[in-house]
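Everything below concerns the one structure shown next.
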Amino acid sequence: MSTTLTAPTAFEIHRTDHPVPATERAALLASPRFGTVFTDHMARITWTSADGWRDRRVEPYGPLQLDPACAVLHYAQEIFEGLKAYPHDDGTVWTFRPQANAARFARSAARLALPQLSEQDFLDSLAALLAVDRDWVPVGQEMSLYLRPFMYASESFLGVRASQEVEYLVIASPVGPYFAKGVQPVSIWVAQDYHRAGPGGTGAAKCGGNYAASLLPQTEAYAKGCEQVCFLDAATNTYLEELGGMNVMVVDADGSVRTPPTSGDILEGVTRSSILQLLADAGHEVSEEPIALADLLAQIASGRVAEVFACGTAAVMTPIGRLAGADFDVTVNGGQAGPVTMAIRGELTDIQYGRRPDRHGWLHRLV
């Protein structure tokens, strides 16, 4: 077993006086529902325009005190990230391509007029939290510790300008499979009356407003018997963009794979780029190109399209077995998971959990 890493010295550790008892924690870790259970602590850094980033610390998890005039409540100036910590058989805990998350976090911050956090602070905040809450990492099939770094405008003022005070935090949640039924094909409702983002907007930033805009169409998707919603481009209402929280890919019968390009409207998913690399490694022809909904439906009917899947940090890769909309309802691959989807998913999760060699140097040890 590798030696244990310690918390980065830049972070002061303030442990809770009331940690969850070991027996209660074990019960919570047995079968955690996604995003409902949280660890004992959170990492935190404060920023002000006068002093920059300061007060790096790990403190007890608990409610935030916000003034009613807190800027984030009125102007939605906030961003977040999502990544996981994976237990390996030797007792160590690793995360997957956190440098890419740090870079995207910085890009999101720039788009929302927030201060950019350095990659080192981003990585150290994860390590500092895991050094204290290591016992919260669950062990089991598809289990991991979901990490949620986020930043919000904390200044108390009413006025449309960038906040002069900001808080950065990392919280953690032990999780199992994102979908309650596990890795099974899902049904997708294609929204044709709503759009997630538009040209020049915040589509490429990971900010709450993008997700808030998806909630009404997501509710309508549930009402139609679908688990997720897929959005079309706002400019023409023609081309697939992404799901409410995942990117989408199409596998043709010849094994080639297509996905919509990240043109500024679509989030540049870390899982997305990793899958494209693994597909190329396996010899699949990969292209980033516009995919028209009408063409996709015709290609599913003709047999040119063999599989469709969604991908993202939370769900990893999810087969899509049905696409439905106001005037269509089609089944993909007989409603079954396809071989390309499951093969690449298996390879990706094997790398994340340390069961297969990490050829690209994607893993980063936390503890």
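Here are the numbers for the structure shown:
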item	result
Candidate set: the range 72-131, residues that are of a type in the set (Ser, Thr, Tyr) and over 19 Å from the mean Cα position of the chain (by Cα); chosen: the one farthest from residue 313 (Cα to Cα)	75
Of all residues making up the range 41-51, the number that are in contact (Cβ under 8 Å) with a residue 12 or more places away in the chain, under 21 Å from residue 8 (Cβ atoms) and open to solvent by 20 Å² or more (accessible area, probe 1.4 Å)	2
Pairs where the first residue, in the range 90-118, is free of Cβ contacts under 8 Å to residues at least 24 places away in the same chain and the second is of a type outside the set (S, T, N, Q), C-beta under 6 Å, 6+ apart	102/119; 102/122; 116/106; 116/109
Candidate set: the range 327-339, residues that are under 18 Å from residue 317 (Cβ atoms) and out of contact with any Asp or Glu (no Cβ under 6 Å at 6 or more places or on another chain); chosen: the one most open to solvent (accessible area, probe 1.4 Å)	336
Extreme residue, modelled with the lowest pLDDT, among residues of the range 175-190 that are among the aromatic types (Phe, Trp, Tyr) and crowded, with 19+ Cβ neighbours inside 10 Å	178
Number of the exception - residue 29 against (1) closer than 19 Å to residue 84 by Cβ; (2) open to solvent by 80 Å² or more (accessible area, probe 1.4 Å)	(2)
First in the range 69-89 and closer than 15 Å to residue 115 by Cα, second anywhere and charged (D, E, K, R) and in a strand (DSSP E or B), Cβ under 6 Å, 6 or more apart	72/78
Segments classed as strands (runs of 3 or more DSSP E), wholly inside the range 277-367, with at least 3 members that are touching a strand residue (DSSP E or B) at 6+ places or on another chain (Cβ under 9 Å) and of a type outside the set (Gly, Ala, Ser)	305-312, 316-325, 328-331, 363-365
Looking only at the range 163-205, and only at residues there that are small (Gly, Ala, Ser), more than 20 Å from the chain's Cα centre (by Cα) and part of a loop (DSSP other than H, G, I, E, B), the one that is farthest from residue 123 (Cα to Cα)	198
Evaluation of residue 237 against (1) free of Cβ contacts under 8 Å to residues at least 60 places away in the same chain; (2) at negative phi (one fails), failing number	(2)
Pairs with Cβ under 7 Å, 6+ apart, first in the range 139-159 and of a type in the set (Val, Ile, Thr), second open to solvent by less than 30 Å² (accessible area, probe 1.4 Å) and at pLDDT 95 or above	139/87
Positions within the range 142-167 being of a type in the set (Asp, Glu) and under 30 Å from residue 86 (Cα atoms), in sequence order	142, 167
Residue check for residue 270: crowded, with 16+ Cβ neighbours inside 10 Å, touching a residue at least 60 places away in the same chain (Cβ under 8 Å) and farther than 17 Å from residue 183 by Cβ	yes
Close pairs from the range 191-219: first surrounded by 14 or more Cβ atoms within 10 Å (Cβ to Cβ), partner part of a helix (DSSP H, G or I) and among the hydroxyl-bearing types (Ser, Thr, Tyr), Cβ under 7 Å, at least 6 apart	196/214; 205/108; 206/108; 207/108
The range 350-367: number of residues that are over 25 Å from residue 8 (Cα atoms) and surrounded by 19 or more Cβ atoms within 10 Å (Cβ to Cβ)	1
Conditions (1) over 22 Å from residue 328 (Cα atoms); (2) touching a Pro at 6+ places or on another chain (Cβ under 7 Å); (3) not polar (S, T, N, Q): number failed by residue 286	(2)
Total residues in the range 5-26, condition open to solvent by less than 60 Å² (accessible area, probe 1.4 Å) and assigned to a loop (DSSP other than H, G, I, E, B)	6
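Residue by residue, here is whether (1) surrounded by fewer than 18 Cβ atoms within 10 Å (Cβ to Cβ); (2) without any contact (Cβ under 8 Å) to a residue 40 or more places away in the chain; (3) under 22 Å from residue 348 (Cβ atoms) holds:
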site: 283; (1), (2), (3): yes, yes, yes
site: 289; (1), (2), (3): yes, yes, no
site: 296; (1), (2), (3): no, no, no
site: 312; (1), (2), (3): no, no, yes
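The values are calculated or read from the model by the stated rules, or taken from the named source; none is laboratory data. Computed from a prediction, not measured in an experiment: that's the story for all the values here. Because the Cβ atoms are built from the backbone with ideal geometry, glycine has one as well, and the counts that use them run over all protein chains shown. Accessible surface is based on the protein model in full, side chains and every heavy atom, while ligands, DNA and RNA are left aside. Shrake-Rupley method; radii C 1.70, N 1.55, O 1.52, S 1.80 Å.
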